[in-house]
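Every read-out reported here was derived from the displayed coordinates using simple, explicitly stated rules and does not represent laboratory data. None of these values were measured; they are calculated from a predicted model. So basically every Cβ, Gly included, is an ideal-geometry build from the backbone, and we count neighbours across all protein chains shown.
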């Protein structure tokens, strides 16, 4: 009951929580114990019961009454159930510190486990399970085995829980006795509580053991679905969570299960509802793609049933918002994920997220997040009225978030930006200090999103300079002044006032002041010469801040060497910001959506982040399994770091392109006619994932096009995973090609056993939402980051593969007209040319005819060829190609007789992807 | 699973403590929780009694899930000698605390982020729902409110209840009918007996009644009533946010069907509605057979004994009108027009400001506030009345709760109807109007004296600037009998499986949910 028993009774040095408990200990009256002891030995039943109650009351307030152990234990020999229950309560709590004494009670337990009264039989089994003393297990197994088959459901349900308790102490005993099989039988028990507890016990044993004792086979699935209708609400949650971990083999099975789960959306218990939502959402993905085997017609029907499901999900989610605030909070955190994944579910329900005044602040903050996610042109006016209202409430944090939400609406909805600014200006007029400051910060963002559009309001902002005292607001205002110095008559004076206090300012403000002053100088050199000199002095000589000093020196040098260059650098175009700062990265989002109704969904952290080093239990050490557990733990941690590796190391692989090819030369002689189906070239495969990263799976990946569709080819090699690889889910990070899997499921049929391997194709579709913007002047990264979840083991691992651009070339419009080609070739500036030389070519790649044939298979078309004048033996060939995304590349290849090398020149308007096109050609030539 | 459960008194003292696993969660986590919770007390702190149906929590900015360092748990495997192993185990992890606040008591559950070594956690909603269930059960057993003294008086029953409700950290039996079979609630008679004899009468049932864990855990076996009767209330609650000039900003109607069943044996009931299409989406008590409702919109169930909520549903606003204001405006049967302002009324020298003088020492130029509210019943054509209804419209139990901003020191309020109480500590007033008909036009007039503190200047400036916009909204409570927003009604209720003919009573009630009026 309290840990005073450990620090006090055991005398160990743990003492952590002992301070507060010892307080009660010292105030204990001297004679009290003695008195209690006498009462416990009283012959009067009422006195006895009262005495035991007093003992338990003392435990509750933290007193150590372990000294009365034998006296209390004496009272267990009674026919009175209440007294017995109280004694058992006491035993459970002190058994931990007095294990040997507890064994004295074993005879009573064994006797009670045979009592004619089921209540007492159950009590005995339950209590024995709670006493975590090694030796108790010798006595527990017999009665437990009997209890699992007891005629009374009350005893059976208690026994089911007890199996999990025993597994915690002695897992091998549970296996030996076949208790796990018994639990499986109990899933079909006639009593709902027994079913619920059996499912709970099995799930927990699966978790603790890491073994899938809850493996869902066809028969188990039917049992669970049947039990779902019968068992208690808590059991329903356990069953639904087991179902969520199961991956249906195909769309029809998923649909069938969803049908059985859907009625749970109407349960009064929110935990049941949320777990049902989770099952439906994760199965929807499976339905979405259909299996590869299904002919094309199936897709439409699935799309329809997905739409129908989407409609069904909204009402129960909305209903959760009528619950107690604690439930609302958890629901809102989950809804936040759901609206990111499937925005259509709640698109018409924005009003239910409007805040009520007496909503707790944590509910209001979450509602606000969802309002911003659901805001659209249709409802913006109403939302703005609401946000304006919130901006007048009492709670400062909430007000600030509301103001900043108005800015986020403006950044998100171009057509509503003006109205949003109107509201912000109204709020600035209230002169409430923090409202003004927050408004200035978001107006800066609006300016960055829509440059040169709303400068008319600068005057109003300037009127409020005095109110700004927070660094972020100041920095924002100064940025605005610098950026629009030419439109503000007294920009230099305004900056000057800030400069007076330069040394006291926050570093963020100092940096902005420095930049703004330089901008101001570049725009109006005559007036501000002195000022800029002063700022540069302050930044480079007076400051201790290395960032500020560095920036100061750079500006100084730029200004003194080449003012024109300084203009280009300082006044250059800035990247336009987007409202994606609040969106979760798609990989993480998909992981989290799979974790709906768990802690992950509240904290929006992947489940790995919650893994704690498992508590080492001394008993496990005796059995020698503790260390195994530790090892598993470490693997988990490593995995989590891997994700970071991939993210940080992006682009580092550029030079490694196609380094490990296992592919033979593409079948040559493919000059087949245009209308025949030429055999598709194989993909160049490269090893992308080592088995130690992914639980024993080695992966090779390559890209190619089949029948007009881009495919990611995977070679799955099971190096050391004892569990055959059967189901995997795949997700791609945003990439420069906007590719994402058409179907996230990968089904290995047959499963890949240890030592085996299998080939898988994942169709990729180009989706603008998955497109990562390539930074101006930078080449696009070929890297595609991939996350794969092994559905059987639950392991998620990450790798990166370099995309082969030829997989994206299309036959549709790839061959330019000769005239159009020449026109385009001439029109592209020579600066947009990319040159390279490939050497050590195989013989086939030095013959233009063969090259053209091979290129054609990759939808790269020969336009013309001609000998180079004045160069003996040299010949050039011109090719054109077009990607599915509409980018056109033109290539000039120069060959020389007798030299196994070629010069490649690429011209394109899409210069960012030029490198990729060049690499594609070079690789095709090489292999 | 739930590792440990604590129930804390309103002052943070531990009343009940229960550990379900091998790990004894240190009491220190309660201190950590309490210090974080106390940091964020809201200024409408102790007003729950005044607000009645809509209590503000004592602390309301603490999210119901909290991560705390688990550096203090003691691993007790192997007893006292395990201090080294315990230290090894406790390092670096986190515990997640879930809490629910009821009648001043904090129900606190401590859960580890994962059990064993797999990535599995307890579903947070399960914990929160379960904590609510414990609180509900305490109300059934110890009466309403189940507050600190109620739990202290019945702590041994509380422990026995927890024994039945949770085992090994998993929720087990939570159906009130099943629990009352296992543990008899303390009856008035038993309490008196106890007081008379000074002894403790047994509160446990001696034997396990037949079918305790029957296939219908929600219904106890062997129920027998001399009069078989069932009462059904169809309650529709309007949640609304209304602007100061009476425009409905948002409204939402949620309905529930409350039943009180006093039927003997195992009655199987069939409940049909006049127009089931009025129900938009619904959630059911576990006793309802979903499939039947899916199929033909009939509610088929074996009821628990006693009071229970059969189902909840939502009445959907007109979808064609995105703002749905027309519908909502029509549905609001009561209008409250507030006029609240803060400013330097003294200077204007109006007669009205004279009344403020009572607040003491308010010289000309002091910042004061004025309030006036007018209340009226509105033509409520869009409410659907039961045919049995007679007489003119009457809105019953009308009360208005007026929370004041924290800069108000005291208020001097007068009303034409009913009575008004101002709670100075909570800065909140409650105006009880009672019955309101279309002829009555209750008025409230008054003035507020503001705090004079050191920050008077800044306070005043923020007041002028914001035009007194910090005035929180008003809350209005009301109810109308025999009226309905949706028009949903029961068209039939039949009993099979038993031979008696029960008395059946059905009525509609429409009432306020969270019904707030903004003041600016």
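Some points to look at:
- Pairwise label distance in nanometres, residue B:67 with residue A:425, each label 7 Å out on the Cα-Cβ vector: 4.4 nm
- Here A:460, A:232, A:528 are placed in order of increasing Cβ neighbour count within 10 Å, fewest first, which gives A:460, A:528, A:232.
- Scaling against 2.2 N^0.38 Å puts the C-alpha radius of gyration of the stretch A:437-571 at 0.99.
- Note on residue A:463/residue B:247: beta-carbon distance plugged into 1/(1 + (r/R0)^6) with R0 of 22 Å gives a FRET efficiency of 0.10.
- For chain A, the spread of Cα positions along each principal axis, largest first, Å: 120, 77, 51
- Summarising the overall dimensions of the stretch A:818-926 from its C-alpha atoms, the Rg and Dmax are 13.1, 40 angstrom.
- Were the residues from residue A:101 through residue A:771 laid out at 0.36 nm apart, the gain over their Cα-Cα distance would be 234.4 nm.
- When its C-alpha radius of gyration is set against 2.2 N^0.38 Å (N residues), the stretch A:702-781 gives a value of 1.32.
- Cα→Cβ-extended label distance, 7 Å offset, between residue A:344 and residue B:479, nm: 4.3 nm
- Cβ-derived FRET efficiency at R0 60 Å, residue A:759 paired with residue B:266, nearest 0.05: 0.50
- Two-decimal Rg/Rh across the stretch B:211-275, once Rg and the Kirkwood Rh are taken from alpha-carbon atoms: 1.23
- Counting every other Cβ atom within 10 Å of each residue's Cβ, B:22, B:372, A:66 order from fewest to most as B:372, B:22, A:66.
- Per-pair calculated FRET efficiency, R0 = 25 Å: residue B:139 and residue B:503 via Cβ, rounded to 0.05: 0.40
- Label separation (residue A:381 vs residue A:111): 8.3 nm, computed from points 7 Å beyond Cα along the C-beta direction.
- You can think of it this way: the chain between residue A:870 and residue A:533 has 115.3 nm of extra reach, that is 0.36 nm per residue less the Cα-Cα gap.
- Stokes-Einstein diffusion coefficient of the stretch A:141-293, Kirkwood radius over Cα pairs, 37 °C, 0.692 mPa s, in µm²/s: 206 µm²/s
- Fully extended contour minus Cα-Cα distance, from residue A:44 to residue A:414, at 0.36 nm per residue: 124.9 nm
- Per principal axis, descending, Cα span of the stretch A:227-320 in whole Å: 41, 25, 17
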